[in-house]
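Contents: one structure, followed by commentary.
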Amino acid sequence: MQSPYPPMVDTVNTTIGGLPRYRPMVDYQGMTDRPNYSEIGQRLAAIRMAFSDLSQKAWAEKNGFNPTQYNNWETGVRRITVDAAEVLMDRYGLTLDFIYRGRVDGLSEKALKAL
């Protein structure tokens, strides 16, 4: 069977408007590893449960956070910002060392008892 295309048309190496198709210089397939902040998220969940019985959404709204953003923090998709962590520090007697690293030294007595 004869090809329906004239012999001058290259059907394998397609182009966009006569220009060669863009080929990225970086192989993105191997770059699927995203940072995992699950340990920080577990501590945030523990803080929420220790100081209230609120849902993630209610807790986020109570503390002035966007509920979707807070969900990303608690599930470990994203890391909580320092500004947001400072809100929790001021309200609940926590430290940045506890939120980010899990160190309990320096926590207030109230926070130690709750956690």
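Of the conditions (1) part of a loop (DSSP other than H, G, I, E, B); (2) surrounded by 17 or more Cβ atoms within 10 Å (Cβ to Cβ), Phe98 satisfies every one except a single condition; which number is it?
That leaves (1) as the condition not met.
Among the residues of segment 21-42, is any among the β-branched types (Val, Ile, Thr) and modelled with pLDDT of 60 or more?
Let us first name the residues in segment 21-42 that are among the β-branched types (Val, Ile, Thr), namely 26, 32, 40.
From what is left, the residues that are modelled with pLDDT of 60 or more are 40.
Scanning segment 21-42 turns up at least one residue that is among the β-branched types (Val, Ile, Thr) and modelled with pLDDT of 60 or more.
For residues that are modelled with pLDDT of 90 or more and hydrophobic (A, V, I, L, M, F, W, C), scanning just segment 61-83, find the one that is farthest from Glu39 (Cα to Cα).
Ranking the qualifying residues of segment 61-83, first place goes to Phe65.
With the checklist (1) in contact with a Pro (Cβ under 9 Å, 6 or more places away or on another chain); (2) surrounded by fewer than 15 Cβ atoms within 10 Å (Cβ to Cβ) in hand, flag the one item Ala60 doesn't pass.
(2)
Tell me whether segment 84-107 contains one or more residues that are of a type in the set (Gly, Ala, Ser) and at pLDDT 90 or above.
Restricting attention to segment 84-107, the residues satisfying the condition of being of a type in the set (Gly, Ala, Ser) are 84-85, 93, 102, 106.
Next cut, at pLDDT 90 or above only: 84-85.
Looking for residues that are of a type in the set (Gly, Ala, Ser) and at pLDDT 90 or above, one finds at least one in segment 84-107, hence yes.
Where in segment 52-95 are the helices (runs of 4 or more DSSP H), entirely inside, with at least 2 residues that are closer than 21 Å to Ala114 by Cα and more than 17 Å from the chain's Cα centre (by Cα)?
The helices (runs of 4 or more DSSP H) meeting that bar are 56-62, 82-92.
Where the second residue is at pLDDT below 90 and part of a loop (DSSP other than H, G, I, E, B) and the first is farther than 11 Å from Ala50 by Cβ and acidic (Asp, Glu) and lies in segment 91-115, which pairs have Cβ atoms under 7 Å and are six or more apart or on separate chains?
Pairs found: Asp97/Arg103; Asp97/Gly106.
Mind checking which residues of segment 36-50 are under 12 Å from Ala114 (Cα atoms), surrounded by 20 or more Cβ atoms within 10 Å (Cβ to Cβ) and either touching a residue at least 40 places away in the same chain (Cβ under 8 Å) or among the polar types (S, T, N, Q) (or both)?
Ile47
The values are calculated or read from the model by the stated rules, or taken from the named source; none is laboratory data. In this text, all values refer to a predicted model and were calculated from it rather than measured experimentally. When we count neighbours, we look across all protein chains shown, and the Cβ atoms used for this are built from the backbone with ideal geometry, even at glycine.
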